1. Quickly run through the range 39-64 and pick out the residues that are buried (at least 20 other Cβ atoms within 10 Å of the Cβ) and β-branched (Val, Ile, Thr).
2. In the range 96-152, which residues are closer than 25 Å to residue 210 by Cα, of a type in the set (Lys, Arg) and free of Cβ contacts under 8 Å to residues at least 60 places away in the same chain?
3. Could you please find all residues in the range 220-234 being more than 26 Å from residue 302 (Cα to Cα) and surrounded by fewer than 20 Cβ atoms within 10 Å (Cβ to Cβ)?
4. Give the residue, chosen from 323, 291, that is open to solvent by less than 40 Å² (accessible area, probe 1.4 Å), of a type in the set (A, V, I, L, M, F, W, C) and either in a strand (DSSP E or B) or closer than 22 Å to residue 247 by Cβ (or both).
5. If you check every pair at least six apart or on different chains, which have Cβ atoms under 9 Å apart with a residue in the range 465-480 that is open to solvent by 90 Å² or more (accessible area, probe 1.4 Å) first and a residue that is among the hydrophobic types (A, V, I, L, M, F, W, C) second?
6. Do we find a residue being within 30 Å of the chain's Cα centre (by Cα) and within 20 Å of residue 20 (Cα to Cα) anywhere in the range 120-130?
7. For residues that are buried (at least 19 other Cβ atoms within 10 Å of the Cβ) and not hydrophobic (A, V, I, L, M, F, W, C), tally how many sit in the range 122-155.
8. Within the bounds of the range 426-437, is there any residue that is open to solvent by 100 Å² or more (accessible area, probe 1.4 Å), out of contact with any Phe, Trp or Tyr (no Cβ under 6 Å at 6 or more places or on another chain), among the aliphatic types (A, V, I, L, M) and not assigned by the TED database to the domain that holds residue 18?
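The values are calculated or read from the model by the stated rules, or taken from the named source; none is laboratory data. Given the structure is predicted, the values throughout are model-derived calculations rather than measurements. Every residue, glycine as well, gets a Cβ built from its backbone with ideal geometry; the counts of neighbours run over all protein chains shown. Ligands, DNA and RNA are stripped out before the accessible areas are found, and what is left, the full protein with its side chains, is counted by its heavy atoms. Shrake-Rupley method; radii C 1.70, N 1.55, O 1.52, S 1.80 Å.
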Amino acid sequence: GPRGRAGSQNSHAAAMGGLKDELLKAIWHAFTALDLDHSGKVSKSQLKVLSHNLCTVLKVPHDPVALEEHFRDDDEGPVSNQGYMPYLNKFILEKVQDNFDKIEFNRMCWTLCVKKNLTKSPLLITEEDAFKIWVIFNFLSEDKYPLIIVPEEIEYLLKKLTEAMGGGWQQEQFEHYKINFDDSKDGLSVWELIELIGNGQFSKGMDRQTVSMAINEVFNELILDVLKQGYMMKKGHKRKNWTERWFVLKPNIISYYVSEDLKDKKGDILLDENCCVESLPDKDGKKCLFLIKCFDKTFEISASDKKKKQEWIQAIHSTIHLLKLGSPPPHKEARQRRKELRKKLLAEQEELERQMKELQAANENKQQELETVRKKLEEAASRAAEEEKKRLQTQVELQARFSTELEREKLIRQQMEEQVAQKSSELEQYLQRVRELEDMYLKLQEALEDERQARQDEETVRKLQARLLEEESSKRAELEKWHLEQQQAIQTTEAEKQELENQRVMKERALQEAMEQLAQLELERKQALEQYEGVKKKLEMATSKTKSWKDKVAQHEGLIRLIEPGSKHPHLITNWGPAAFTQAELEEREKSWKGRRST
């Protein structure tokens, strides 16, 4: 009916709005990757290339004229993210239909940002796995920029991966990871998430292939909306033969392929709210049969076992039920519920904080009011004490004043009595004073005479002093003259003294030189004397040798020698027998021969 059509139109508009948000996330990664210097701006030439690529993968007609027209006012310089958004919305995103290849679109955006951002440290996952995590991140991330994934969604994803790997979820390990989480940020960026999964922290003991298969399984479910997949037998419509096919269940279609590599697609079973699924009894040797009834066709399928059959029937039934309700797939609905719950919790927290602030403000106001009342009470008590103090002080002052008045009256009466007595005594004193004044007048006359005489004496002394000063100044001039002459004489004497000093120094220097020469001569004389002594000794030795008859006999007589007692030392032996001379005589003769040869 019309109501149903309106509901479907609203859901379609909401779906397109959600699609636009999902596309923006991937485009944001590409835009920020092109922003090389982190200025928040990208050059127009790069934006043109990005826009062209987006139009190509999103199957939107490209309008280069509109791009030029949009940025016409600013031909120079880069464009910010905010500056690019109006063009992106108007000419690309608003024209997008749900007929493009989402994987191709994501891969194009991934290619633009991967080289710049992917960690250089080795990971346990392939780049293809990293790409799938990147797409999953865009699906699970918050709808605010820069994009992050909060710890709750990280836990959801890691649980999914652990379940797909067949491992046990380590809640304590994740809680420990959350404790060490950086408080300064609300979540992880996509590259930090890839590094977290790629470093194997939450998949210890699993090989690369298992991790890769788990990532692929979660990717199929969350991104490709694969609700269930697996091998089953299908009965042909024409030949009625049974063939094994790989079935893939999505929110509004069941596709079947030759094998799980999805390369050879054999057909689709289009699901709508009028379809139904029924269990069939075993027949023709086939077990675990069920039937899918559609508008124009019926499909007989055989599962491998009863459990698989029940799972498939339940999954297809749930899918048809969701189509009737117009609800999104379970994982998308769950994601939306988690986001709404987070939003609700955040709103509740903000409301609680607001109420706390209001209570705090009210409490502070009450405190201020109480403080004001307390101050007023203190001021009133202070004023009352002050009034009491003033009253007592006034009473004391009145009593003191009354006592003072009485005392003063007594004193005045006494003073009047004293004054009467004093007046009579004053009269007597006055008469006495008159007499004293007369005596003083006479003394003053004498003092004036003495003063005049003193002034004359002073004048005389002053003149004498002036004469003495003149004499003193003339003497001073003479003394200064003498002093100058004396100074000149001293300077002359100083010069002469300096000259004498120089002469004395020169004479001392000459005397020093003479003394040094004398010492040198003395040394030379001593050396000459020593030489003389040596020569004298040599002469004496030569004389004694000359006088020695042994030398004369040795030099002139040859072999003749005196007969004397034989030497105790052994004789020298010659060719003719024992030698007629000693070793000492031989040495003397050798010296003599050498001397003659040299002369």
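1. Correct list: 42 only.
2. The answer is 107, 120.
3. The answer is 223, and nothing else.
4. Within the list 323, 291, the selection yields 291.
5. none
6. No, the range 120-130 contains no residue that is within 30 Å of the chain's Cα centre (by Cα) and within 20 Å of residue 20 (Cα to Cα).
7. Within the range 122-155, residues that are buried (at least 19 other Cβ atoms within 10 Å of the Cβ) and not hydrophobic (A, V, I, L, M, F, W, C) number 5.
8. Taking the range 426-437 first, the residues open to solvent by 100 Å² or more (accessible area, probe 1.4 Å) are 427-430, 433, 435.
Subsequent filtering for residues that are out of contact with any Phe, Trp or Tyr (no Cβ under 6 Å at 6 or more places or on another chain) retains 427-430, 433, 435.
Subsequent filtering for residues that are among the aliphatic types (A, V, I, L, M) retains 427.
This time we only want the ones that are not assigned by the TED database to the domain that holds residue 18, so: 427.
Yes, some residue in the range 426-437 is open to solvent by 100 Å² or more (accessible area, probe 1.4 Å), out of contact with any Phe, Trp or Tyr (no Cβ under 6 Å at 6 or more places or on another chain), among the aliphatic types (A, V, I, L, M) and not assigned by the TED database to the domain that holds residue 18.
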